Amino acid sequence: MLRVLTLATLFPNGARPTVGVFVERQTRALAAQPGIEVEVVAPAGLPVWPLSLHPHYAPLRALPARERWNGLDVHRPFYRVWPGIGQADTARVMAKALLPLLRDIRDRFPFHVIDAEYFWPDGPAAMRLAEALGVPFSVKARGSDIYGWGARPDISEQIVAAGRAASGLLAVSGALRDDMIALGLPAEKIRIHHTGIDLDRFRPEADRRQETPLLITAGHLIPRKGQEIALAALEQIPAATLLLVGEGPDRAKLERIVHQRGLTGRVRFLGARPHAELPALLASADVLVLPTNAEGLANVWVEALACGTPVVTCDVGGARDVIDRAEAGRLVPRDAGAIAAAVRELLADPPDRSAVRKGAERFSWDRNGAELAAHLAGIARAA
């Protein structure tokens, strides 16, 4: 029996049910493997008192300390943060706050390995916790941790230190592995671990009746995801409507752009939607547009293909791992004109949706869980 302690700051909860659903799904796939037991520690940052009393933090304060979440045993401890400052100290503060809990868990559930699911702050925190408890640890890189936090010298040093101390590392794509190596992480420790997809939920619609082109983009509303570029491309695609799924700091700016460019009737802001609604939204669209400038391997690329919806995105990160055939879509420069031209091409001659779906069929959660179980079992055996 292999007992795994999964450490994940990106994990859904009652306050943020759409955050880290891919981590939850992966952990469920791991727990479903024979001979595996898993408990999850999903910490949340809460400011020091009295800042923690602000109504903004009320949903976090209301989280239970421990609960069953979709079949998983999840602990939800808090660690202290100072909003806007002290970010480089987060991993140390988090590890200090979590150590008493992990000692208690280990007395009852003597886990063999810590599985950290993001490189910041999870990775450096896991390094400290693993050293204190005398267990090995693994860290998975997902993209924004390396491309975002890894660009900050005070944090990249901690990321590299954790990577060198870890017994094993995972990357969601080959391109991300290359970038991890360039950052200074040890190449010999890094395995590629692709995401999974629920092919029973994400599937083409049996009956699509829309008459005008429908485009969709999904992701946090931030410059990196390129929604502003998607709006500029929409201006060059006659009669098309664009659905924006997601929430974030750029929403007000994007709404102003829509108004200024006369696109009000052609753009719908749907906000952050429950993950259960995403299959129907993706299946209803003709093309997924994601003008991103940095990704490890975007889950929404695979989810769109499973729904029979081709993808227009940029040649970044693991895009070539997913958009590897003409039916899957197009890889284009991060330019509104190039994106619009690719979308128009797909609308004029749409690929067969069953052929699009084939590009996603190799991304299964069973494979994902089995590979993770083998990776962690190897680390535990070598400890």
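The values are calculated or read from the model by the stated rules, or taken from the named source; none is laboratory data. Only a predicted model underlies this, so the values are computations on that prediction, with no experimental measurement involved. Positions of Cβ are backbone-derived with ideal geometry, glycine not excepted, and every protein chain shown enters the neighbour counts.
Starting from residues that are touching a helix residue (DSSP H, G or I) at 6+ places or on another chain (Cβ under 6 Å) and either of a type in the set (Lys, Arg) or closer than 21 Å to residue 274 by Cα (or both), keep the ones in the stretch 223-243 and report whichever is surrounded by the most Cβ atoms within 10 Å (Cβ to Cβ). Step by step, filter the stretch 223-243, then rank; the result is 227.
In the set 176, 185, only one residue is part of a loop (DSSP other than H, G, I, E, B) and not assigned by TED's automatic domain parsing to the domain that holds residue 305; that residue is 185. Here 371, 303 are screened, and the one residue that is under 22 Å from residue 247 (Cβ atoms), among the charged types (D, E, K, R) and in contact (Cβ under 8 Å) with a residue 12 or more places away in the chain is 303.
Within the stretch 236-249, the set of residues being without any contact (Cβ under 8 Å) to a residue 60 or more places away in the chain and within 17 Å of residue 216 (Cβ to Cβ) comprises 239, 241, 242, 243, 244, 245, 246, 247, 248. Looking across the stretch 199-226, the residues that are assigned to a loop (DSSP other than H, G, I, E, B), within 27 Å of residue 365 (Cα to Cα), touching a residue at least 24 places away in the same chain (Cβ under 8 Å) and over 15 Å from the mean Cα position of the chain (by Cα) come down to 199, 201, 202, 203, 204, 205.
Of the strands (runs of 3 or more DSSP E) lying entirely inside the stretch 1-68, those containing at least 3 residues that are farther than 30 Å from residue 383 by Cα span 44-47. Which residues, taken from the stretch 312-337, are outside any helix (DSSP H, G or I) and charged (D, E, K, R)? If the condition is that a residue be outside any helix (DSSP H, G or I) and charged (D, E, K, R), then 315, 324, 325, 330, 334, 335 are the ones that fit. Of all residues in the stretch 114-148, those satisfying the criterion of being assigned to a loop (DSSP other than H, G, I, E, B), within 13 Å of the chain's Cα centre (by Cα) and not aromatic (Phe, Trp, Tyr) are 117, 142, 143.
Condition first: within 17 Å of residue 328 (Cβ to Cβ) and part of a helix (DSSP H, G or I). Now tell me which residues in the stretch 265-297 satisfy that.
From the stretch 265-297, those within 17 Å of residue 328 (Cβ to Cβ) are 282-283, 285-292, 295, 297; that's our starting set.
Those that are within 17 Å of residue 328 (Cβ to Cβ) and part of a helix (DSSP H, G or I): 282, 283.
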